Amino acid sequence: MTLKEFNIIENQLINEYAGYFDKKELITQFPSKISNISEEEFYFYMTKYLNKFHDPHLKLIELNGLYPNIRVQLHNDHLYVIDSRNPQIPTGTVIHNLGSYSINYILENDHDLLKSSNPERMEWSDVLKKYKYIVSDSKEISILQKDKPDFFEQSYIIENKHTYIYIKFTDFIDHLKISNLIDKHKNLLLNAKQIIIDVRGNRGGSDLAYLKLLPYLTSESITFTDNTPYYHRFTKAYCDERIHAISELIKQMPDSDDLDEYKSILNLYKDNYDKGLVNINNNPEPDTIKGIQEKCPDVKVLSDFECGSSGDNFVK
């Protein structure tokens, strides 16, 4: 790698990163710009630094890199395979060594790659990427592959389980698909006595994607105001990207009930184009969820530590 890549990342953190003012001190501690290191060394060197921000949206992506084909979790000092796309490594396998190193050695020397000291919240993908293989029955088995394995298949489900309605959203990315699913099961939701909503492992997306579901979860009209400052950093590059993405989405939904909402968001980026850090919640209007149930169903939500971003917002 050259100094060019270091400069690009530093420039992004200073001039584009939304968390710049919160993380300014850490950004001023940008690591030494080492010349002539390999692409792999550069990846791990910078990833350890970026992990200090504790921001899951801030990460390096290797366009031509290799991907782990197993997922693992530490439990009682043992590393278990919790999901596998590797035919030689079944789920439930206990891993004693990664590469030629013990798990205890890795916990001590690569903790900066794990993002957390809590075993349940450790993210092992970069460590697996670094050590490349495991040893089983004296045989080296590669744990990397060229194509990114799909551990989180997109799934939107509303099912009648007789005594309750089961709803599962693995993300809130495909707004139209979620909206159509809710419309399709309108009568089922209106007659539900108990609803279980599963957002474990939800990968996030758009808050707008779940708004149509909320009226089915209550018989009341709930009005609330959020006075919390909510800052966006409206840089030219950010606004250009969002204006293009939202404009394309609007073209796909000419008859959607949420069209006005998307047009309002589009205008937000146009009105604040290249204005820098702006509090977009400086004069909040009350929001109202107008319940449409005759009698409020019993609602339970299943969540876990992997549910993030708009998934987190849904739970709240």
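The values are calculated or read from the model by the stated rules, or taken from the named source; none is laboratory data. Quick caveat: nothing in here was measured; it's all calculated off a predicted structure. Methodologically, a virtual Cβ is constructed for each residue, glycine included, from the backbone with ideal geometry; neighbour enumeration extends over all protein chains shown. Surface areas here come from the heavy atoms of the whole protein model, side chains and all, with no ligands, DNA or RNA. Shrake-Rupley method; radii C 1.70, N 1.55, O 1.52, S 1.80 Å.
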Within segment 223-239, which residues are closer than 16 Å to Glu16 by Cβ, under 22 Å from the mean Cα position of the chain (by Cα) and not small (Gly, Ala, Ser)? Tyr231, His232, Arg233, Phe234, Tyr238, Cys239
Considering segment 26-48 alone, what residues qualify as being within 25 Å of Leu277 (Cβ to Cβ), open to solvent by less than 70 Å² (accessible area, probe 1.4 Å) and either among the β-branched types (Val, Ile, Thr) or in contact with a strand residue (DSSP E or B) (Cβ under 9 Å, 6 or more places away or on another chain) (or both)? Ile27
Does any residue of segment 78-99 turn out to be within 17 Å of Asn51 (Cβ to Cβ) and either of a type outside the set (D, E, K, R) or surrounded by 13 or more Cβ atoms within 10 Å (Cβ to Cβ) (or both)? no
Over segment 211-239, the set of residues open to solvent by 40 Å² or more (accessible area, probe 1.4 Å) and among the aromatic types (Phe, Trp, Tyr) is Phe224, Tyr230, Tyr231, Tyr238
Out of the residues in segment 186-200 that are surrounded by 19 or more Cβ atoms within 10 Å (Cβ to Cβ) and assigned to a loop (DSSP other than H, G, I, E, B), state the one that is farthest from the chain's Cα centre (by Cα). Ala192
Kindly check whether there is at least one residue in segment 141-162 that is open to solvent by less than 60 Å² (accessible area, probe 1.4 Å), in a loop (DSSP other than H, G, I, E, B), within 23 Å of Pro90 (Cα to Cα) and modelled with pLDDT of 95 or more. yes
Out of the residues in segment 163-185 that are part of a strand (DSSP E or B) and of a type in the set (A, V, I, L, M, F, W, C), state the one that is farthest from Asp255 (Cα to Cα). Ile165
Taking Tyr273 as the residue in question, decide whether it is open to solvent by less than 50 Å² (accessible area, probe 1.4 Å), under 30 Å from Phe21 (Cβ atoms) and either part of a loop (DSSP other than H, G, I, E, B) or of a type outside the set (A, V, I, L, M, F, W, C) (or both). no
Odd one out for Gly291, checked against (1) modelled with pLDDT of 90 or more; (2) closer than 23 Å to Asp22 by Cβ: (2)
Taking segment 11-25 and keeping only residues that are surrounded by 15 or more Cβ atoms within 10 Å (Cβ to Cβ), without any contact (Cβ under 8 Å) to a residue 40 or more places away in the chain and either among the hydrophobic types (A, V, I, L, M, F, W, C) or not in a loop (DSSP other than H, G, I, E, B) (or both), one is left with Leu13
Can you go through Asn69, Asn64 and tell me which one is farther than 20 Å from Ser116 by Cα, touching a Pro at 6+ places or on another chain (Cβ under 6 Å) and among the polar types (S, T, N, Q)? Asn69
